[in-house]
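Everything below concerns the one structure shown next.
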Amino acid sequence: MPFYHQLGTLPHKRHIQFRQPDGSLYHEQVMGTKGFSGIQSILYHVNPPTQVSQYRKIRDWMVTLEEEGANRHRHFFTFGHEAKGDCIDGRVYSLANEDCAISTVYASEPMDYFYRNADGDEVLFIHEGSGTLETIFGELSFQQGDYLVIPIGTTYRVVADTYPIRMLVIETTGEITIPRRYRNEYGQLAEHSPFCERDIRVPTQLVAYESKDSYEVRVKARNQLHGYTYDFHPLDVVGWDGYLYPWAFSIHDFEPITGSIHQPPPVHQTFAGPNFVICSFVPRMYDYHPEAVPAPYYHSNVESDEVLYYVRGNFMSRNGIQEGSITLHPSGIPHGPHPGKAEGSIGKTRTEELAVMIDTFRPLKVAKSALETEDAEYMLSWNRKP
């Protein structure tokens with residue numbers, strides 16, 4: 001995160017005695033990235049975070065990918081998957097590479113455990129539903145349209161107000177950041193940024209649970225999932241401060257950048273990840289040059305793959321797209337508006353489309369779990385008459 005935050009009760013200096021009401025020490029934990037040279041937070045626990053009573057291997061965590069197939073445009077109807085599982089084990093993977101894995105969730109039941117991704121940051125995009133993200137850094141409420149950015153190593157649980165709940169999940173092998181070009185030399189979001197610090201929500205309520213019972217924290221690390229049992233509640237932090245913590249940003253707060261002629265996709269960028277970017281396409285005015293063609297031009301991603309997750313509205317350049325559709329336009333072959341869409345866009349002044357785009361700079365592979373909802377004829381859809 002670009003700014004410092006603190007919650008709860010803290011000693012006046014780090015690494016000094018900080019005692020509980022019974023006179024015993026609170027247990028200080030430094031949680032940081034890049035060794036001791038990246039961003040970090042310091043947390044104070046009622047119980048030692050190392051005090052595990054049981055552990056077990058649950059399963060291997062591998063995304064089963066399609067064998068090297070034809071390099072073609074792909075389209076998946078993710079709403080074809082039935083509601084199942086919780087927000088972790090209900091993930092249905094669509095695409096993955098060495099840097100990220102993209103899945104959708106249509107969770108039908110609550111989590112009866114806590115979860116920690118030790119391999120990288122996560123972004124949860126809330127397509128349908130509302131609730132609370134319970135974390136060791138406090139509670140963060142969410143609703144439709146929110147991006148939840150969860151740093152590596154964060155213990156959390158998703159608690160929905162009602163089920164089922166639907167979301168898009170982007171797991172990374174690194175860090176999710178705000179694009180550098182949006183920030184000044186001090187890290188503050190500059191005037192040209194399409195959002196500012198006022199749009200970012202951070203945990204505001206810290207609950208230090210003191211209950212003594214059996215709780216499981218499931219940890220994803222090194223392509224395996226392990227369960228660790230504690231005889232106390234894992235969310236027992238009485239105070240913390242620093243730069244490392246989960247936060248939320250609503251896609252509805254993204255301020256679109258428009259121009260007299262068609263603007264390139266980087267103007268929609270919202271986050272940066274390791275070798276990929278995340279962009280937000282939101283309702284906006286169309287291009288206003290008197291001879292403008294609002295639909296995008298044909299485009300060749302010569303060094304990247306393009307993924308679009310369609311949230312709602314009519315996407316001006318596509319036919320056959322539904323809510324929840326995922327399209328993949330890989331490098332090597334051009335893509336662009338379907339027949340009739342460029343001509344049909346002329347004279348229009350506004351779009352109500354809402355979509356999330358992920359551009360990766362290493363090739364993506366298709367997960368086998370996505371194949372059952374694939375539009376097998378998508379590659380040939382540009383050959384159809386309007």
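Okay, here's what the table says:
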{"read-out": "Among residues of the range 316-351, those that are under 16 Å from Asp287 (Cβ atoms) and not small (Gly, Ala, Ser), counted", "value": "9"}
{"read-out": "Hits in the range 342-386 (condition: among the polar types (S, T, N, Q) and under 30 Å from Ala292 (Cβ atoms))", "value": "Ser345, Thr349, Thr351, Thr360, Ser381, Asn383"}
{"read-out": "The lone exception for Val219 - which of (1) more than 19 Å from the chain's Cα centre (by Cα); (2) buried (at least 18 other Cβ atoms within 10 Å of the Cβ); (3) assigned to a strand (DSSP E or B) it fails", "value": "(1)"}
{"read-out": "Filter result for Asp119 (of a type in the set (D, E, K, R), in a loop (DSSP other than H, G, I, E, B) and buried (at least 16 other Cβ atoms within 10 Å of the Cβ))", "value": "yes"}
{"read-out": "Residues being under 16 Å from the mean Cα position of the chain (by Cα) and either surrounded by fewer than 22 Cβ atoms within 10 Å (Cβ to Cβ) or assigned to a strand (DSSP E or B) (or both) - total across the range 70-89", "value": "1"}
{"read-out": "For Tyr309: the one exception among (1) over 21 Å from the mean Cα position of the chain (by Cα); (2) at pLDDT 95 or above", "value": "(1)"}
{"read-out": "Criterion (among the aliphatic types (A, V, I, L, M), farther than 27 Å from Glu28 by Cβ, modelled with pLDDT of 95 or more and not assigned by TED's automatic domain parsing to the domain that holds Leu308) met by exactly one of Ala190, Ala221", "value": "Ala190"}
{"read-out": "Residue that is farthest from Pro256 (Cα to Cα), among those in the range 178-206 that are surrounded by 14 or more Cβ atoms within 10 Å (Cβ to Cβ) and of a type in the set (Val, Ile, Thr)", "value": "Val202"}
{"read-out": "Filter result (surrounded by 14 or more Cβ atoms within 10 Å (Cβ to Cβ) and either polar (S, T, N, Q) or over 27 Å from the mean Cα position of the chain (by Cα) (or both)) within the range 225-237", "value": "Thr229, Tyr230, Phe232"}
{"read-out": "Number of the condition not met by Gly340 [criteria: (1) of a type in the set (Gly, Ala, Ser); (2) surrounded by fewer than 18 Cβ atoms within 10 Å (Cβ to Cβ); (3) on the phi < 0 side of the Ramachandran plot; (4) touching a Lys or Arg at 6+ places or on another chain (Cβ under 9 Å)]", "value": "(3)"}
{"read-out": "Condition check for Tyr298: surrounded by 14 or more Cβ atoms within 10 Å (Cβ to Cβ) and touching a strand residue (DSSP E or B) at 6+ places or on another chain (Cβ under 8 Å)", "value": "no"}
{"read-out": "Long-range neighbours under 6 Å by Cβ, at least six apart or interchain, first residue under 20 Å from Tyr215 (Cα atoms) within the range 29-56, second outside any loop (DSSP other than H, G, I, E, B) and hydrophobic (A, V, I, L, M, F, W, C)", "value": "Gln29/Leu43; Leu43/Val237; Leu43/Trp240; Tyr44/Val238; His45/Val237"}
{"read-out": "Restricting the range 355-378 to residues that are at pLDDT 95 or above and of a type in the set (Ser, Thr, Tyr), the residue that is surrounded by the most Cβ atoms within 10 Å (Cβ to Cβ)", "value": "Thr360"}
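The values are calculated or read from the model by the stated rules, or taken from the named source; none is laboratory data. Just so it is clear, the model here is predicted, and its values are computed rather than measured. All Cβ positions, glycine included, derive from the backbone under ideal geometry; neighbour counts span all protein chains shown.
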